[in-house]
Structure formats: structure tokens, C-alpha cells
Amino acid sequence: MLLRQVAYVRPGSVEEAVLALSENDEARVLAGGQTLVNVMKLRVASPRVLVDISGLEELSYVRSGDGGGVDIGAATIYDDLASSSELDDGYRVVREVAGGVGDPQVRNRGTVGGNVCLNDPTSNFPPLMAVLDASFNIVGPDGERSVGVGEFFAGSYGTALRDGELLRSITLPAPRDGAGAAWVPLRAAHLSWSMMTVAAWLRLSGDTIDEARMAVGCVHGSPVRVENLESALRGVSVDDASAIEEATAGLGDDLEPPSDVHASADYRREMASVVARRAIREAAADARS
Amino acid sequence: MPGTEPQTTRQITITVDGVEYTQEVEASDLLVHVLRDTLQQTQVLIGCDTGNCGACSVLWNGRLIKSCMMLAVQADGAEIATVASLSENGQLADLQQSFSDNHALQCGYCTPGMLLAAKALLERTSDPSEEEIRTGIKGNICRCTGYVNIVKAIQSVAGS
């Protein structure tokens with residue numbers, strides 16, 4: 001397939017990238033290209049200018065943040081995320097999810113920033129970021145700003161990024177004592193597309209859930225934090241299977257999933273509690289390990 | 001200035017299987033088209049054109065990527081290795097010989113990409129399990145073999 005004519009610029013720094021984005025009409029960030037190149041082949045979008053940030057070392061890193069959390073450069077490829085030991089303290093789930101995206105070729109180019117900035121309803125990272133309480137560090141012509149999950153994800157394919165702005169990095173907060181997280185997909189086949197994903201973050205005291213964050217992906221435009229489920233889980237013992245079952249039973253009613261070629265809305269609604277229970281189990285195991 | 005002025009065409013320098021080329025390309029050119037049509041490296045194949053089948057796979061600075069999913073301009077300054085880099089002086093690499101011995105190809109269309117995927121896998125994990133092999137070739141679709149002999153061929157050279 002042939003792309004429409006486009007102009008390309010490879011900035012040498014984040015500053016140059018912001019300039020290129022703000023000074024050119026219809027300019028888009030090009031990172032790994034694992035989505036945008038296809039979009040351009042299919043002519044779903046044809047930006048006038050591509051600002052290639054994929055080689056910027058300034059945006060490719062995983063390191064300890066101030067205050068004990070982790071900072072992840074937006075242009076960090078999935079493969080680097082998957083192999084980073086900086087995530088071992090509290091964020092092993094990020095390594096696992098990154099290591100399962102697409103295939104080896106995709107993981108060698110695709111970036112976590114691209115995943116969250118695309119905010120496709122089936123993207124892996126938005127629901128995970130939602131339960132990890134990530135913050136998104138944005139840089140633009142008017143300076144730097146940080147926004148939380150609720151503001152960053154703004155409906156299907158929508159984010160808080162304004163014209164001329166670029167996602168610089170994602171910050172994960174300092175891991176809490178007794179906390180663990182998991183991300184569980186529902187797939188038709190091993191390593192195939194997800195019909196639904198559930199991300200869970202739990203903070204335990206002994207076997208009791210003190211705090212729970214649960215998000216469902218692939219069902220709505222933005223990752224959904226299911227507050228009913230989160231309140232129902234508070235005070236429940238992770239080892240009490242029937243209490244967990246009771247807490248998760250109504251999850252499907254809180255969702256308005258689509259019917260599509262992968263699964264019907266009813267199937268997704270019904271499977272939501274099953275997948276949620278798996279995610280709770282795995283998050284508890286992560287908390288206890 | 002190259003870093004700040006967008007250009008619709010760009011001169012790129014790219015090394016393919018050890019040979020350096022300097023070439024003017026359109027910013028809209030895919031790497032696979034420049035490799036095949038401009039640089040005559042027709043051992044790099046086009047399968048699905050949408051980044052799903054992996055037939056176009058090459059090594060870019062040592063990393064396995066799909067060349068239909070990269071713009072040629074993004075490869076400016078890069079080292080590309082195609083399947084042709086596996087053999088030396090007409091001698092097949094062990095991996096290639098193993099594919100032949102184990103009947104790991106029928107039509108051969110997935111084979112250039114598959115060989116590079118196998119090479120990339122073995123460079124990371126010298127003795128992969130069957131599951132690791134199957135995950136390692138996940139980006140390469142084969143319509144003929146059912147993968148069984150491909151897995152065997154890779155296992156055959158693993159650990160060596």
C-alpha cells in the first residue's frame with residue numbers, strides 16, 4: 001500500500017519536537033509507527049507532517065522517580081519495558097503486559113506512549129495505568145504539565161493532549177506496602193486479541209482487602225474504574241472465594257460492552273465477573289510475593 | 001536544518017547486509033519498498049502489507065522488525081540485515097540447513113522472515129523451550145507447514 005505524500009522531520013530533542021509539532025499544521029507524532037503506519041496505509045488518517053521521536057534517547061528510559069516511584073519515557077519500546085528490572089519493585093505487571101503486546105517485531109518498535117496516546121478501547125495499557133494511578137507528564141509550547149488518569153484518557157482515541165503537545169513520560173507512584181497488581185485478558189486463542197481485559201490493584205492487610213482499584217478494558221471508550229466493585233471488595237478476605245464471588249457477581253450490570261466480531265455484549269457482560277475474579281486472585285498473589 | 005524543517009524527500013544512508021547505500025527517498029516510502037524496488041533486495045518479501053504476516057521481516061540495528069511498518073526515512077543511518085546475511089560464501093548457515101533438513105518450508109514465502117525471526121530468537125535465548133519458540137515466531141505467519149517442522153528446525157540448532 002502507498003501512503004499519501006507526507007513531510008518528515010526527525011527532531012534532535014524534545015524541545016525541537018515540540019517546536020515542530022506546534023509550528024506545523026496537521027503535524028503528528030510518529031513513534032514506533034506500529035499503529036500510525038498502518039493508519040496511513042489505509043488512509044484513515046494522512047497527517048501532513050510526521051515528527052519522528054522514536055530515536056530520542058531523552059524519551060526512552062525506565063528509572064526510579066522522585067519519591068520512590070518509577071518514571072517511564074514515553075518513547076520506551078515494549079521490549080525495553082519488558083526487560084527492565086527497575087519495574088520489579090511493585091510493577092512486575094507492567095513488565096508482563098509489555099512482554100505480551102503483539103509479537104517480537106511490534107515490541108521492538110512499539111512504545112508505551114504510543115499505546116496510551118492512541119487510547120484504542122482494546123489498548124493494553126490504559127486500564128492498567130488506571131489502576132496503578134499513573135500520571136502523565138506532558139510537554140508543549142506553553143510548558144510542562146501533569147495530569148492524572150481520569151483527565152488523560154478522554155474517550156475512544158481521545159486524550160488530554162492539546163495541539164503542539166507531546167507526552168514526555170509516565171510516572172507510577174511509589175509502591176504501597178501490601179499492594180499487588182494484575183492484568184488479565186480474555187482471549188479466544190493463546191496470545192490473540194483480547195475480548196476484554198481486567199486490571200486489578202489491591203492493597204492487603206493480611207488477607208483482607210483494604211483498598212481495591214479495578215478497571216475493565218475493551219468495553220468502553222476509556223478504561224472504566226468500577227466503583228461498585230471496588231467498594232464491594234473493601235474488607236473482604238482474598239481467601240474467601242464465596243465472598244469474592246458475591247462481590248464480583250454484579251460486574252456485568254455496570255458495563256455497557258459492545259457486540260462485535262470477537263464477542264457479543266452478553267458474553268462480555270457474563271465473563272466480566274469471571275475475569276475479574278482471576279485478576280483479583282493474581283493481584284493478591286502479586287501482593288503476597 | 002534537518003532536525004527542524006520537515007521534508008517530503010530526504011537523502012538517507014542505509015547499510016544493507018554490510019553494503020552502504022545513499023539514496024534519496026520520499027518520506028512516504030515504506031522501508032520494504034525501498035529495499036525491494038530501489039535497492040533491488042528482493043529477498044525481502046511483501047505478504048499482507050499490513051504488518052500482520054511478518055514476511056517483510058528484517059533485522060534493523062540487530063532488532064527484528066517488519067519492514068512494511070517502518071518508513072524508509074526512519075531507517076536513515078541504520079544497519080539492515082536481510083535473510084541474505086545468514087549464508088556466507090554460498091554456504092548455508094546451520095539454521096538454513098536445518099530448515100531444509102527438517103522440511104520447515106513448502107512454498108517458502110514466509111521463510112526469509114521466519115529465518116530472521118528464528119535467528120533473533122536464538123540470539124536472545126540460545127536454548128528455547130517449545131513455548132518460547134512458538135512465542136518467538138508469533139510475528140511470522142506460515143500458511144503451509146502448520147509450524148511443526150519450523151519448530152523442529154529451530155530446536156535442532158538450539159543449544160548449539
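For the pair A:Tyr267 and A:Ser192, label points projected 7 Å from Cα toward Cβ lie 0.9 nm apart.
Sequence-distant contacts, meaning Cα pairs under 8 Å at least 6 residues apart, place the relative contact order of the range A:1-100 at 24 percent.
Between A:Asp133 and A:Asp207, the modelled labels are 2.6 nm apart [label points 7 Å from Cα along Cα→Cβ]. So what is the relative contact order of chain A, in percent, for Cα pairs below 8 Å that sit 6 or more residues apart? Result for chain A is 15 percent. Over what distance in Å are the Cα centres of the range B:95-122 and the range A:8-24 separated? Answer, in whole Å: 41. Helix B:148-157 axis versus longest C-alpha principal axis of chain B: approximately 90°, rounded to the nearest ten. Taking amide hydrogens as placed 1.01 Å from N in the peptide plane, the amide H of B:Ser28 sits under 5 Å from those of A:Val6, each at least 5 positions away in sequence or on another chain. Accessible area of B:His103 (1.4 Å probe, protein heavy atoms only, ligands and nucleic acids ignored): about 110 Å². The stretch between A:Asp260 and A:Ser64, if pulled fully straight at 0.36 nm per residue, gains 66.5 nm over its current Cα-Cα span. Could you check what % of the DSSP bridge pairs in the protein assembly as shown are antiparallel, to the nearest 5? Close to 85 percent. Computed over chain B with a Gaussian network model linking Cα atoms closer than 10 Å, the most mobile of B:Ala78, B:Ala27, B:Ala117 is B:Ala27.
Averaged over the residues of B:131-138, the number of partner chain Cβ atoms lying within 10 Å of the residue Cβ comes to 3. Applying 1/(1 + (r/R0)^6) with r as the Cβ-Cβ distance of B:Ser126 and B:Gln106 and R0 = 41 angstrom yields a FRET efficiency of 0.90. Restricting attention to the protein assembly as shown, give the cysteines that have no other cysteine Cβ less than 4.7 angstrom from their Cβ. A:Cys117, A:Cys218, B:Cys107, B:Cys144 - these cysteines have no disulfide-compatible partner (Cβ-Cβ under 4.7 Å) in the protein assembly as shown. From the Cα gyration tensor of the range B:1-103, with a ≥ b ≥ c the square roots of its eigenvalues, which class applies: rounded if a/c is under 1.5, or else prolate if a/b is larger than b/c, or else oblate? Note, shape of the range B:1-103 comes out prolate.
With point charges of +1 on the Cβ of Lys and Arg and -1 on the Cβ of Asp and Glu, referenced to the Cα centre of chain A, which listed residue (A:Thr248, A:Pro47, A:Ser205) lies farthest in the positive direction of the dipole? Farthest towards the positive end: A:Pro47. Run the simple label-point estimate for B:Gln43 and A:Glu151 please: 7 Å along Cα→C-beta, distance reported in nm. Inter-label distance under the simple model: 5.4 nm.
What FRET efficiency comes out for the pair A:Asn228/B:Asp94, r = Cβ-Cβ distance, R0 = 56 Å, nearest 0.05? So, using R0 = 56 Å, E works out to roughly 0.45.
Placing unit charges on the Cβ atoms only, positive for Lys and Arg and negative for Asp and Glu, gives the protein assembly as shown a dipole magnitude near 1020 debye about its Cα centre.
Report, to the nearest 10°, how far helix B:111-124 tilts away from the longest principal axis of the Cα atoms in chain B, using its own Cα long axis and a range of 0 to 90°. Compared with the principal axis, the helix lies near 80 degrees.
With contacts taken as Cα pairs under 8 Å and at least 6 residues apart, the range B:14-95 reaches a relative contact order of 36 percent. With a Cα cut-off of under 19 Å and a minimum spacing of 8 residues unless on different chains, the lysine pairs in the protein assembly as shown number 6.
A simple count of charges around B:Glu24, restricted to other residues whose Cβ falls under 12 Å of its Cβ and scoring Lys, Arg +1 and Asp, Glu -1, yields -2. With the biggest extent put first, the Cα atoms of the protein assembly as shown measure 69, 56, 40 Å across the principal axes. Compute a Gaussian network model of chain A, connecting alpha carbons closer than 10 Å, and tell me which residue from A:Trp183, A:Trp193, A:Trp201 fluctuates the most. So, out of A:Trp183, A:Trp193, A:Trp201, the one fluctuating most is A:Trp193. Each of B:Met114, B:Ser87, B:Pro128 was placed along the dipole of the range B:83-160 (beta-carbon charges, centred on the mean Cα), and the one lying farthest toward the positive end is B:Met114. You can think of it this way: the chain between A:Asp253 and A:Asp163 has 28.7 nm of extra reach, that is 0.36 nm per residue less the Cα-Cα gap. Semi-axis lengths, largest first, of the ellipsoid equivalent to the range A:78-176 are 22, 16, 13 Å, with √(5λ) applied to each eigenvalue of the Cα gyration tensor.
The values are calculated or read from the model by the stated rules, or taken from the named source; none is laboratory data. Just so it is clear, the model here is predicted, and its values are computed rather than measured. Positions of Cβ are backbone-derived with ideal geometry, glycine not excepted, and every protein chain shown enters the neighbour counts. With ligands, DNA and RNA removed, areas are computed over all heavy atoms of the protein, side chains included. Shrake-Rupley method; radii C 1.70, N 1.55, O 1.52, S 1.80 Å.
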